[in-house]
Amino acid sequence: MLDQTFFIELQNYINDHMEIRFLEEANSSHEIFNRDEIFKRDGILESISPIEIDEFIKEKRQPVLREVLFSFIDRKGATDAEIYKKAQVDRRHFSKIRSNTDYRPGKNTVIALALALELDKKETGKLLSSAGYSLSDSDTSDLVIQFCIEKRIFDIHQVNEALVYFSLKPLGGSMV
């Protein structure tokens, strides 16, 4: 059970990060450009070949979720069963992640797996990014998750308790 001090500290963390985000947005430029107009004006569309795009993709592509997830599991010396049970992910769902390279589970599932693996903020970001997600400083749920990771609170029940305290949707699994 999380105590009142924890929730006060968590509220301050969220307030501080939301304020920083607001100030950054207020200071940034708000000019909006129509991409198609720029491409036509500058002749960009005509100058890009499919080969260049393919080369760019090959050069920039990062490992997919499955590769990143199972490298973390191997590095932690854990079994698949330990991780999916701790993350409260169904065995069949986990099997789908393992067997289908193109499958992308929901963000909450990836977060639950990161918590089960006890990943730090950078590692969690890498895992989320491999699935096409990120943790935002503009989203209260994401800030609660970040706070818990920074405080090394990896128990999904405690993280869900913190989310529910702020009237946010829990990650899944059984509630406290």
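Overview of results
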{"read-out": "Shape call, the range 105-161: gyration tensor on alpha carbons, a/c limit 1.5", "value": "rounded"}
{"read-out": "Greater than 21 Å apart at Cα, pairs in Lys60/Lys96; Lys85/Lys122; Lys121/Lys151; Lys86/Lys169", "value": "Lys60/Lys96; Lys85/Lys122"}
{"read-out": "Ser138-Ile53 pseudo-label distance in nm [points 7 Å out on the Cα-to-Cβ vector]", "value": "2.7"}
{"read-out": "Label-point gap, in nm, between Lys85 and Glu150 - each point 7 angstrom along Cα→Cβ", "value": "3.3"}
{"read-out": "Two-site label geometry, Arg75 and Ser99: point separation in nm, points 7 Å out along Cα→Cβ", "value": "2.8"}
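Laboratory data are not the source of any read-out in this text; all were calculated from the coordinates shown. Everything numeric here is computed off the predicted structure, so don't read it as measured data. Heads up, the Cβs are rebuilt from the backbone with ideal geometry, glycines too, and the neighbour counts pull from every protein chain shown.
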